[in-house]
Amino acid sequence: MLEINYERYGVPRKIHSKLSQLKFRSSSPQIHTVNLSNGKQLDFYAKLRKSDTLIVSFHGAYSASKPGSYPMFWRISSLQNRGHSFLAFTDPMRLEGSGDILISWFLGKDGWDPMPSILNVIEKAMAKSQAERILFVGGSGGGFVALRASAEFPGSCAFVQDATVGLSRHNPKIVKGYFQKAWSGWDYNKLLRAFPERFNMQIYYMRRAPRNFVYMTQSLEDKAHVEQHFKPFARAHGISSEGGQSRDGSRVLRAYAPERRGHGKITNREFNQFYEDCTTKWLEWEAALNRSPFPKDAKTEPMESALAESTEAAKTEPVEPAKAENLSAEGKVFGVIDGLRYFNRFKTASVYSKFVKVKNAVWKKLQ
């Protein structure tokens, strides 16, 4: 039985009847619960102040032996007192599905993706704090969603540790368990092929080339993640599999000998050291571009242009010969649709929700 315990964080809790009514009225730490449609909810921790930078934290998996309680907010003590505004989200899928879900990468389930709502909250927090820069932080599964969210904000930074890059390369038992609970009745292998830009950040970044900064650290003692996630992401950006920096300076990958063995065992000293290097490199990248991270003259990408671009990307995407024959009609269709990037940012949750219904209906016909 899942234990729900908001009081353990020792801060007030504010409940909002719907997302459009979310207001940040206090600079003191608070937990916010936003009621979404169909009985769903989104919980996050916020400490906002006037600052140029907003830090956003995402957690990884719960431990199977010590599942803990809901909600779970990561990096409060290490990040909220650095002089910036701070948000920490808990995965709303923890409350969904048939049975306890220990990891779902903030991906939602059949017919529902929480990302548009998360992005909406972030934009409201930016407006409240007057922030112009965003630093997304996440380890392991939290690294996955940090990469995904950062891609939606040009100029933002994704600082990720031992990050999961793609579900198709992750532990099959864990991935299958998630899909059985969140996408009951669906073939998860077909889902992975049909939504590569939702479930695989390596492909997402290759196709979209988002204008963000990525700083990725990887413990060399975490062999599975080194081979299945770190190295493929490095190769996708023209970086040595041992780590390094991309030619344009927007991707910095660090493989290191850790103080503690295992996955997700980064120490506070290591985290702080990498954090300082990350923020320095991020500033250097911004300076090299000779522009602000959020250009005021940036224009929203028209839906038609996004669709054409995604279609062309799908045509030109290199495919491993052994897997080429597995590209199905639904994979091409839904790769294009999901590639619209919520029509180039978020005030589109209702539109995207309708889009999901269309995708599901079309896909069922294809099956």
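Every read-out reported here was derived from the displayed coordinates using simple, explicitly stated rules and does not represent laboratory data. Note that the structure is a prediction, hence the values are computed from the model and not measured. Glycine also receives a Cβ, built like all others from the backbone with ideal geometry; neighbour counts cover every protein chain displayed.
Shape class for region 167-273, computed from the alpha carbon gyration tensor (a ≥ b ≥ c): oblate, with a/c not under 1.5 and a/b at or below b/c. Near LYS14, the amide H atoms lying under 5 Å from its own belong to ILE31, HIS32, THR33; only residues 5 or more places off or on other chains count, and H is placed 1.01 Å from N. Applying the Karplus relation 6.51 cos²θ - 1.76 cosθ + 1.60 with θ = phi - 60° to region 172-187 yields 3J(HN,Hα) values of x, 5, 5, 5, 4, x, 5, 5, 5, 8, 9, 10, 4, x, 9, 7 Hz, where x marks Gly and Pro.
By other beta-carbon atoms within 10 Å, ranking LEU102, LEU220 with the fewest at the front produces LEU220, LEU102.
The eigenvalues of the Cα gyration tensor, multiplied by 5 and square-rooted, give region 1-150 an equivalent ellipsoid with semi-axes of 23, 17, 16 Å from largest to smallest. Annotation: amide H of VAL56 within the under-5 Å range of LEU87, LEU135, PHE136, VAL137, sequence separation 5 or more or interchain, hydrogens built in the peptide plane. When peptides 185-191, 139-145, 205-211, 259-265 are sorted by average Cβ neighbour count within 10 Å, with the highest value leading, the order is 139-145, 205-211, 185-191, 259-265. Per-residue Cβ neighbour counts within 10 Å put ARG8, ARG148 in the sequence ARG8, ARG148, beginning with the fewest.
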